[in-house]
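Chemist: Structure provided below as structure tokens; questions to follow.
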Amino acid sequence: MKRIVPIVVMVLMASPGWAAKKMTAEQLKDLLAADHKAQKSDADVAGQLKDLELTEELTKSTMDAVKPMVPGPLTTEQLFILEVRAAALPPPASEIPAKPAPDAAQQNAILDKAAAFAKVFVQAPTLTATRTMRRFQDSAQQDQPAFGSHTSAVLAPTYTPIRYAASDEARVTFKKGVEENPVANQKTNWGDNGMIALLGQSPDPASVLQTARAEGKMSWLRWQTVNGHELAVFSFSVDRKKSQYAVNYCCFPETSQAGEVAMRGVAQGGGPGNYQTSANWKPFKATEGYHGAIYIDPETGVIYRLVMQVEFKGSDPVKLENQRIDYGTETIDGKKLVVPGFVTIDTVEQPYPNSPQGRFITRHTLFTLTYSDYKMAGS
């Protein structure tokens, strides 16, 4: 038992989210109100928010309520990070419409309308759009002794909370309603530069709906009002064997044998690893199961939101992917089409293999994708 305790301690120390204080949206409002009354500085309030983890979605109504209490840009950034990290969570109970659930026949009718919409969705013409991607991440690095060292010291990692890291803008293509996601920059040393890139294709709401419904793994969840639309929300799950969702993250190191790992700090993003046994960095590709929620207009069948949480294996270098896609309508060349407008992706990855001493480091990377200026391809 004595040999197990240090490893457990090291794992907990290397997990940045371990000490996060969980809080509801209402408690967050109370905290900000108290800070506002006490006239706390922007830096002090932002510092408090860095240690929080919400248990509910940070909805527009909550954000509107706290805006007058925000003392400055540092707090604004941390609120945005909290909003992204909580995007896949249910809203506060007080914001769920007090309306009885539809009966089984009504639920099936809503799903039939959504299936009809999905058939139209995948027949959408090829489009282009401007995608603005913003990246937020924490950094954690830890000095680790060489393999064979006899030191028994427990070395705590240095940790910087999640913060803005980088942004880029690109012209992207949508086919059958889904963004194609080729390697944006072949020359970027993803992974080695302390950052990951998402190279897989976005979730396809039509495929998710069809697969989950065919497997009988959809059930009523709740009503929810989103951007003025009262939507019917259904939960779903898809097993890995039935899944068509292929993840592709770049990149992670390969090591042929245990060796010394030296963490080199970088200005942003958190320390690429200098692997003296191998210089090979490869993407992580897999087809994974998932679960989540789909938000449907009960009258038209239009899908306005898709929440998907990927079910990774314990040995995978990616530990978490929570994604939310909010759809809207755009009139393009006289055609009214439903297209993605805003996407949030919350990931946790293990950027370096376990050390021989049993330690590991996890890193959060948050992405926000905003789409604008939709056009027909070729125009």
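Chemist: Using a/c under 1.5 as the rounded threshold, could you call the stretch 196-240 rounded, prolate or oblate? The axes a ≥ b ≥ c are square roots of the C-alpha gyration tensor eigenvalues, and prolate needs a/b larger than b/c, oblate otherwise.
Modeler: oblate
Chemist: Right, next: So which lysines can Lys187 reach, going by Cα to Cα under 20 Å and dropping same-chain residues fewer than 8 places off?
Modeler: Lys282, Lys285
Chemist: Taking amide H atoms as placed 1.01 Å from N in the peptide plane, list the residues 5 or more away in sequence, or in a different chain, whose amide H sits under 5 Å from that of Gly328.
Modeler: Here the answer is Val339, Gly341, since their amide H atoms fall under 5 Å of that of Gly328.
Chemist: To continue, here is another question. Can you compute 3J(HN,Hα) from phi for each residue in the stretch 367-374, using the Karplus curve 6.51 cos²θ - 1.76 cosθ + 1.60 with θ = phi - 60°, rounded to whole Hz and x for Gly and Pro?
Modeler: 10, 10, 10, 10, 10, 8, 6, 5
Chemist: When Lys and Arg each count +1 and Asp and Glu each count -1, what net charge do the other residues less than 9 Å away from Pro71, Cβ to Cβ, add up to?
Modeler: So the surrounding residues net to -2.
Chemist: Still on this structure, I have one more. Calculated FRET efficiency, Asp112 and Asn354, Cβ-Cβ r, R0 56 Å, to nearest 0.05?
Modeler: 0.70
Chemist: Here's something else I'd like to know. Counting only pairs 8 or more places apart or on different chains, how many lysine pairs in the stretch 49-141 have C-alpha atoms closer than 23 Å?
Modeler: So the count of such lysine pairs works out to 4.
Chemist: What is the distance in Å between the Cα centroid of the stretch 30-80 and that of the stretch 297-361?
Modeler: 25 Å
Chemist: To the nearest 0.05, what FRET efficiency results for Thr287 and Asp44 with a Förster distance of 35 Å applied to their C-beta separation?
Modeler: After rounding, the FRET efficiency stands at 0.15.
Chemist: Oh, and also: For the stretch 278-343, which trypsin sites (Lys or Arg not before Pro) are in a loop by DSSP, counting at most 12 other Cβ atoms within 10 Å?
Modeler: Lys313
Chemist: If r is the Cβ-Cβ distance from Thr128 to Gln27 and R0 is 41 Å, what FRET efficiency results, to the nearest 0.05?
Modeler: 0.40
Chemist: Further question: Mind ranking 219-229, 291-301 by how tightly packed they are, going by the mean number of other C-beta atoms within 10 angstrom, highest first?
Modeler: 291-301, 219-229
Chemist: Starting from the Cα-Cα distance between Thr225 and Met69, subtract it from 0.36 nm times their residue separation and give me the gain in nm to one decimal.
Modeler: So the extension gain works out to 53.7 nm.
Chemist: A further question follows. What ranking do Asp51, Asp42 get, fewest neighbouring Cβ atoms within 10 angstrom at the top?
Modeler: Arranged by neighbour count, lowest to highest, Asp51, Asp42 become Asp51, Asp42.
Chemist: In what sequence do Met63, Met308 fall when counting other Cβ within 10 Å, fewest first?
Modeler: Met63, Met308
Chemist: Shifting gears a bit: Order these by the 10 Å Cβ neighbour count, fewest first: Leu366, Leu49.
Modeler: So the residues, fewest neighbours to most, are Leu49, Leu366.
Chemist: Kindly write out, for the stretch 26-37 in residue order, the coupling ³J(HN,Hα) from the Karplus curve 6.51 cos²θ - 1.76 cosθ + 1.60 (θ = phi - 60°), rounded to whole Hz, with x marking Gly and Pro.
Modeler: 5, 5, 4, 4, 5, 4, 5, 5, 5, 5, 5, 5
Chemist: Calculate, in nm to one decimal, what Glu169 and Lys241 gain on full extension: separation in residues at 0.36 nm each, minus their alpha carbon distance.
Modeler: 22.4 nm
Chemist: Measuring from label point to label point, each 7 Å out along Cα→Cβ, what is the Lys119 to Ala105 span in nm?
Modeler: 2.3 nm
Every read-out reported here was derived from the displayed coordinates using simple, explicitly stated rules and does not represent laboratory data. Source: prediction; values computed, not measured. Note that we place each Cβ from the backbone using ideal geometry, even for glycine, and neighbour counts take in every protein chain shown.
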